[in-house]
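Just below is one structure, and these are the notes that go with it.
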Amino acid sequence: STQSTGSYAFNYATEYMDKVHDHLYLFNVHDEPTVVYGGYATPELIQSLHDVEEKRSKKILVHYGHKAKELGVKYTMMKGSASNAGELICKAVKQYHINNVVTGRREMGEVKRFFVGSTSKYIVENADCNVIVVKIPVGPEEEHTEKSKIIQAEESERIRRLVEVEEEHKKEEAERKALLEKVKADEEKERAERIADEAHHSKERIDKLIHVFTFQEELKKKVT
């Protein structure tokens, strides 16, 4: 879900849960970089992008962890990465025997939702528990909405720089490869010319030796 709908889900859960007996699981799942960049990114770039997403997840979880602590809620923070966030959340539901899931809903167009899929829809259909999808604002509009925009802008800028560095590295690598190929081609050309030149001079030396030998044979005939 988006950061804003995530805050609505948090507000809903903490408002209606039993703060004395219930336990809150704060779960943040980010997309695997290989799904987005796997077609052309190097392993180094994939790892860098993964690290960026990990830091972003930690920032979000720490924020909600502080809010849960202030509300006197017992909580556990969990994060993960997957190509299918819904599937990972459903596995967590089974593993930790979670009774209710409260989730937000990503803001995307119908076409994108058709191709990308809806995490909330997947959870509703597959989770072995009750699922509440929060679509409208719940509770006060918190400061996290603006803060999340700053975090998202920072991480987007960091990803942009990483991609730029990777593209520059590829460009330098291509130029270096082209230069090496040119040097190799020049060396091969020079070697071929040297071999041809040596063969030509060798033929001239042989011709001279043959001429001398023939001349000596002719002298012998005249003397005799």
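The values are calculated or read from the model by the stated rules, or taken from the named source; none is laboratory data. Everything numeric here is computed off the predicted structure, so don't read it as measured data. Every residue, glycine among them, receives a Cβ derived from its backbone with ideal geometry; neighbour counts consider all protein chains shown. Surface areas here come from the heavy atoms of the whole protein model, side chains and all, with no ligands, DNA or RNA. Shrake-Rupley method; radii C 1.70, N 1.55, O 1.52, S 1.80 Å.
Would you check if residue 20 is more than 23 Å from residue 136 (Cβ to Cβ) and modelled with pLDDT of 90 or more? Considered against the rule, which asks whether it is more than 23 Å from residue 136 (Cβ to Cβ) and modelled with pLDDT of 90 or more, residue 20 comes out as yes. Whenever a residue of region 47-73 is within 20 Å of residue 165 (Cα to Cα) and of a type outside the set (A, V, I, L, M), it has no partner that is at pLDDT 90 or above and exposed (fewer than 14 other Cβ atoms within 10 Å of the Cβ) lying with C-beta atoms less than 8 angstrom away and at least six residues away or across chains.
Just checking, which of 5, 14, 34 is in a helix (DSSP H, G or I), at pLDDT below 75 and open to solvent by less than 50 Å² (accessible area, probe 1.4 Å)?
Answer to the check: 5.
Within region 42-90, if we keep just the residues that are at pLDDT 90 or above and among the acidic types (Asp, Glu), the residue that is surrounded by the fewest Cβ atoms within 10 Å (Cβ to Cβ) turns out to be 70. From the list 177, 135, 147, 170, pick out the single residue that is under 27 Å from residue 50 (Cβ atoms) and modelled with pLDDT of 75 or more. Every option except 170 fails the conditions.
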